[in-house]
């Protein structure tokens, strides 16, 4: 393996590691995928679209290397009807050559790969304006498909983290309601929760730990994953890691 090939392999592994282990907001994760796609594909342009099934639109989530009103983050992509049909129906990686009256400033040909989460298409990864060969060979198409898979992991992980945050927020509300009932309405909710944490901390942490376990389990994490999370908490305590 040559040095450039080894460097590319290392970049791919780094991207995969980050996608699987580093908590991101959805925007942060997709922005990272977009930057890494340009680097690994040796291209100047990348955009990531998410499907809006209700409106049957492709929404621009990230865009790098394209300055066009047709590609505005947070808005549907503006393309000719023919190209929109092609993009909406895309199920496999393929190259799209220049289309008459296509998007201004796009470096055709472009490579398009669907992003799927658990078998459902949720978006598209699009690459254009290659810095090397304008035609995408089989190896680069496979690389593009791999990066799209990483994008799906980022999306799925971000959704799981959002779900867990919502569940913990709901559990906190439940604790506040319970504490309000115990205080007979004589204290405000935040004060009562703080007092309960001080006077009966074991009860509070047991409830939170139980909620932590249930929500991780519902989100699809295995017993081994949850055990690892518990072990990491112990490790943080041992290191006296600041919060």
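What follows is calculated from the coordinates using simple rules that are stated; it is not laboratory data. Just so we're clear, the structure is a prediction, and the values are computed from it rather than from any experiment. So basically every Cβ, Gly included, is an ideal-geometry build from the backbone, and we count neighbours across all protein chains shown.
What is region 1-156's relative contact order, in percent, from Cα pairs under 8 angstrom and six or more apart in sequence?
Numbers: 262 pairs, mean separation 39.4, N = 156.
For region 1-156, the relative contact order is 25 percent.
For residue 227 and residue 82, the difference between the fully extended length at 0.36 nm per residue and the C-alpha to C-alpha distance is 47.1 nm.
For the ranges 106-113, 86-93, what's the packing order if you count other beta-carbon atoms within 10 Å of each residue, average per peptide, and put the highest first?
Result, highest mean Cβ count within 10 Å first: 106-113, 86-93.
Once the gyration tensor of the Cα atoms in region 1-82 is diagonalised, the equivalent ellipsoid follows with semi-axes of 28, 16, 10 Å, ordered largest first.
When each of the peptides 5-12, 115-122 is scored by the mean number of other C-beta atoms lying within 10 Å of its residues, the order from highest to lowest reads 115-122, 5-12. Between residue 97 and residue 121, the simple spin-label model (points 7 angstrom out along Cα→Cβ) gives 2.3 nm. Classification of region 3-158 by its C-alpha gyration tensor yields an oblate form. The axis ratio a/c (a ≥ b ≥ c) is 1.5 or more, and b/c is at least a/b. For the pair residue 141 and residue 2, how long in nm is the line joining their label points, each one 7 Å along Cα→Cβ? In this crude label model, residue 141 to residue 2 measures out at 2.3 nm.
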